[in-house]
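This report concerns only the one structure given below.
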Amino acid sequence: MKVDWLIVGAGFTGSVLAERLASQLQKKVLIVEQRNHIAGNAYDYYDQYGVLVHKYGPHIFHTNMKLVWKYLSQFTDWYHYHHQVLGVVDGKQIPIPFNLNSLYALFPTPYADKLAKKLVENYGFNVKIPILKIKETAKSNDLKFLANYIYENVFHNYTLKQWNLKPEELAPFVTARVPVYISRDNRYFQDPYQGLPQLGYTHLFQRLLNHRNIKLMLNTSYQEVMADIQYEKMVFTGPIDEFFQHQYGKLPYRSLDFKFFHTKQDYKQTVATINYPNDYDYTRITEFKYLTGQQTIGSSYIEEYPQIHEYGKNTPYYPIPKEEHRILYKKYATEAEKLNERVLFAGRLADYQYYNMDQAVARALNLFEKISAM
Ligand code: FAD
Ligand code: UDP
């Protein structure tokens with residue numbers, strides 16, 4: 001078989017690049033995907049109860065990049081949804097990210113008033129501050145107490161569960177994804193564009209890939225077909241260390257085990273996601289119908305259990321953001337450069353970057369711009 005571009009992986013990165021190359025440059029593209037479906041980790045399907053669920057954990061689309069939103073909007077309408085999360089702390093369900101409402105949910109009002117005043121005086125209102133930053137900068141005893149309280153009750157144990165590392169052992173941006181928010185806004189994200197594809201992610205991907213120049217092989221790893229396919233160029237979106245046969249050692253990833261459940265109750269929770277920083281082995285439970293707006297009898301939900309990643313045994317979901325891993329990644333990136341752009345690497349696993357979906361799309365669109373200019 002002869003194609004212009006071979007693309008490995010049918011997630012956001014691979015599929016957006018395939019769509020652009022096929023529709024804008026009229027290139028013949030073949031995508032090989034080792035799983036039995038498209039959409040990568042964003043894959044969704046209807047379970048046996050007719051509920052639209054996300055196979056690889058809850059995926060909520062949010063972005064401040066208008067370009068990305070506009071691009072995807074060519075392939076989907078949106079269910080306009082703003083994500084809300086509660087965390088169980090001291091037996092109470094409090095808004096996450098921790099905000100002024102969380103403060104009042106936990107402490108007697110006079111003390112919450114005092115802490116809120118100090119927060120606003122020291123940092124301002126409608127400001128987001130990473131917990132590690134508050135811990136570092138808190139001067140008064142009250143703010144020191146609050147910083148330690150939030151660190152211990154919201155971040156420390158959750159992060160140990162999720163990463164098997166303490167917050168300060170990871171790159172600071174990880175816990176800064178969920179900063180303390182000095183406001184009354186209970187939403188998880190404040191991005192101007194938020195929502196879920198109206199008919200689901202898989203449907204969005206079907207539309208992305210529905211082009212006569214795009215061929216797709218599912219259940220196929222690129223290692224199986226490499227020798228049989230003639231291609232001008234390749235985009236690889238799998239793990240970069242796997243591509244180079246782990247010649248410098250394995251890049252560490254974090255994996256997850258997902259457990260799905262269904263209840264006959266209309267709703268199990270009062271919001272989409274409840275985080276359990278301090279209890280149980282799972283980190284969070286998410287109820288899908290909140291995300292999708294689907295009206296169903298009964299409700300399906302998912303528990304997420306973090307796992308060590310073992311090559312060949314489970315799926316690498318999260319690159320582990322730590323300086324020493326970045327150094328190892330750089331060795332592979334240097335090998336990648338030696339391939340003189342015949343093979344391009346992009347995506348969460350190939351760039352070894354903790355991308356959200358919008359960042360994966362932006363990365364693919366930027367790479368396409370570079371390819372077009374070559
Ligand atoms: P992937 O989606 O991982 O796609 C890569 C594809 O390549 C996979 O399908 C894989 O099977 C295939 N592949 C790998 N190696 C080979 C090979 N050798 N041969 C053939 N095929 C191969 N982002 C958000 O914006 N919002 C969220 O709420 C959100 N929630 C998330 C929750 C979880 C639990 C996880 C794990 C991620 C979440 N993300 C979320 C991140 C999102 O999943 C990623 O940004 C996105 O999937 C990245 O797309 P990608 O194409 O780079 O990678
Ligand atoms: N985090 C935490 N407690 C929470 C929520 C998040 O400690 O209640 C930390 C944890 O380290 C987590 C990180 O913040 O891995 C990022 O959280 P996010 O919800 O963005 O993770 P993702 O959805 O990517 O798994």
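The values are calculated or read from the model by the stated rules, or taken from the named source; none is laboratory data. This is a predicted model, so every value here is computed, not measured. Using ideal geometry, Cβ is built from the backbone for each residue, glycine included, and neighbour counts are taken over all protein chains shown.
Structure summary
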read-out	value
Restricting the stretch 337-355 to residues that are surrounded by fewer than 19 Cβ atoms within 10 Å (Cβ to Cβ) and in contact (Cβ under 8 Å) with a residue 60 or more places away in the chain, the residue that is farthest from ligand 2 (Cβ to nearest atom)	ARG342
Set ARG212, ARG187, ARG207: member being at pLDDT 95 or above and either within 14 Å of ligand 1 (Cβ to nearest atom) or under 18 Å from the mean Cα position of the chain (by Cα) (or both)	ARG187
Test result for GLU310, at pLDDT 95 or above, part of a loop (DSSP other than H, G, I, E, B), on the phi < 0 side of the Ramachandran plot and surrounded by fewer than 19 Cβ atoms within 10 Å (Cβ to Cβ)	yes
Verdict on VAL225 being surrounded by fewer than 16 Cβ atoms within 10 Å (Cβ to Cβ), in contact (Cβ under 8 Å) with a residue 60 or more places away in the chain and within 13 Å of ligand 1 (Cβ to nearest atom)	yes
The lone exception for PHE258 - which of (1) outside any strand (DSSP E or B); (2) out of contact with any Ser or Thr (no Cβ under 7 Å at 6 or more places or on another chain); (3) within 28 Å of ASP47 (Cβ to Cβ) it fails	(1)
Qualifying residues in the stretch 129-174 (those that are farther than 18 Å from ILE320 by Cβ and hydroxyl-bearing (Ser, Thr, Tyr)) - the one surrounded by the most Cβ atoms within 10 Å (Cβ to Cβ)	TYR151
In the stretch 339-371, residue farthest from ligand 1 (Cβ to nearest atom) [restricted to those that are small (Gly, Ala, Ser) and in a helix (DSSP H, G or I)]	ALA362
Extreme residue, farthest from ligand 2 (Cβ to nearest atom), among residues of the stretch 60-95 that are within 16 Å of GLN190 (Cα to Cα) and surrounded by fewer than 19 Cβ atoms within 10 Å (Cβ to Cβ)	LYS66
Those residues of the stretch 176-185 which are closer than 30 Å to ILE327 by Cβ and either touching a Leu at 6+ places or on another chain (Cβ under 6 Å) or without any contact (Cβ under 8 Å) to a residue 12 or more places away in the chain (or both), in sequence order	ARG177
Filter result (among the hydrophobic types (A, V, I, L, M, F, W, C) and over 19 Å from the mean Cα position of the chain (by Cα)) within the stretch 31-66	ILE31, VAL32, VAL51
Qualifying residues in the stretch 283-304 (those that are more than 12 Å from ligand 2 (Cβ to nearest atom) and under 14 Å from GLY57 (Cβ atoms)) - the one surrounded by the fewest Cβ atoms within 10 Å (Cβ to Cβ)	GLU303
Search result, residues across the stretch 186-213 that are of a type in the set (Lys, Arg) and not in a strand (DSSP E or B)	ARG207, ARG212
TYR188 within 11 Å of ligand 2 (Cβ to nearest atom), buried (at least 19 other Cβ atoms within 10 Å of the Cβ), at negative phi and touching a residue at least 60 places away in the same chain (Cβ under 8 Å)	yes
Residue in the stretch 113-120 that is out of contact with any Leu (no Cβ under 9 Å at 6 or more places or on another chain), more than 11 Å from ligand 2 (Cβ to nearest atom) and in contact (Cβ under 8 Å) with a residue 24 or more places away in the chain present	yes
Any hit, the stretch 101-110, residues being polar (S, T, N, Q), within 11 Å of ligand 2 (Cβ to nearest atom) and touching a Leu at 6+ places or on another chain (Cβ under 7 Å)	no
